[in-house]
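**Student:** There's a structure below that I have some questions on.
The values are calculated or read from the model by the stated rules, or taken from the named source; none is laboratory data. Computed from a predicted model, the values in this text were never measured in an experiment. Cβ coordinates were reconstructed from backbone atoms using ideal geometry, including for glycine residues, and neighbour counts include every protein chain displayed.
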Amino acid sequence: MDKLDLDKKLYDKIHHVTEAMDHDKYRSVVLTKGYRAVVDASMYHHIKPYRWHSVVQVKSSGYVYARTGQIIRGEYVQLHNYVLSLYLHGKYDPSVKQATFNNKLTLDCRLNNLLNNIGRQAAMRNRKPKSNTTSRYKGVRKRIQNGKLKWRSEIMNGSTQFALGSFDSEENAAMVYDAAAWVLFGASAHYNFPIGTPDAHQRAIAINQIQKKLFKLGEPPLNLDELF
């Protein structure tokens, strides 16, 4: 399939979404290169003032996203990140990143496409914490280590368990779990704290522990370029 076929396929998918959507609830955003994005009507008045450009990822066939350079001087802001920032904080927050689209359409920036959890794996990740975990947070267990109380953080991906470390603070252990969930599952994970990009320090801890486990198992490392 050549580039023209890919373009037509994406055009057709977005056209179908815009034709079928409830126009009282959703709006289409005109982009450059003839593309359109879809957003919630409640977000539209924040988005309309800016000029949004289509960016085609050459290495990812059929992957197109929208961005603008008019929100922050000298910085490009992606539309899906802007929408999620508005939802979480009421304004743009550069710490918020979103890379998972439930229907795989990167120009469908409706909240239900960015936030909804789908599929069996997502349902499993959204289980409430078991009553015997000794913590109010998912992925955290209480343990005594060298006579001191510690909070152990761990996460499952399929049949693989990733030990993320032991921490003095229950909340810190929970935030490291969130960072690992963000790395492994993106928006389809269940977080202990509101959805958004976890703290850089906690992300570094989670990534380091996950990479160690993957190396030990002889599996490919994480593609860090896809995370940031």
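**Student:** Take the residues of the stretch 12-45 that are basic (Lys, Arg) and assigned to a helix (DSSP H, G or I): which is farthest from Asp108 (Cα to Cα)?
**Tutor:** Here is the first cut: in the stretch 12-45, the residues basic (Lys, Arg) are 13, 25, 27, 33, 36.
Of the ones still in play, those that are also assigned to a helix (DSSP H, G or I) are 13, 33.
On the way: Lys13: 10, Lys33: 16 Å.
Taking the candidates together, the pick is Lys33.
**Student:** Just to check your reading of the model, which residue among Lys48, Lys33, Lys8 is assigned by TED's automatic domain parsing to the domain that holds Tyr92 and modelled with pLDDT of 90 or more?
**Tutor:** One residue alone meets the criteria, Lys48.
**Student:** Which one is nearest to Arg141 (Cα to Cα) among residues in the stretch 155-182 that are under 20 Å from the mean Cα position of the chain (by Cα) and surrounded by fewer than 18 Cβ atoms within 10 Å (Cβ to Cβ)?
**Tutor:** Here the answer is Met156.
**Student:** Kindly establish whether Ala122 is modelled with pLDDT of 75 or more and among the small types (Gly, Ala, Ser).
**Tutor:** Values: modelled with pLDDT of 75 or more: no; among the small types (Gly, Ala, Ser): yes.
Taking the combined requirement at face value, the residue does not satisfy it.
**Student:** Restricting to the stretch 153-188, and then to whatever is of a type in the set (S, T, N, Q) and modelled with pLDDT under 90, can you tell me which residue is farthest from Lys97 (Cα to Cα)?
**Tutor:** From the stretch 153-188, those of a type in the set (S, T, N, Q) are 153, 157, 159-161, 166, 169, 172, 188; that's our starting set.
Retained after the next criterion (residues that are modelled with pLDDT under 90): 157, 159-160, 188.
On the way: Asn157: 21, Ser159: 27, Thr160: 26, Ser188: 13 Å.
If we take residues in the stretch 153-188 being of a type in the set (S, T, N, Q) and modelled with pLDDT under 90, then Ser159 is farthest from Lys97 (Cα to Cα).
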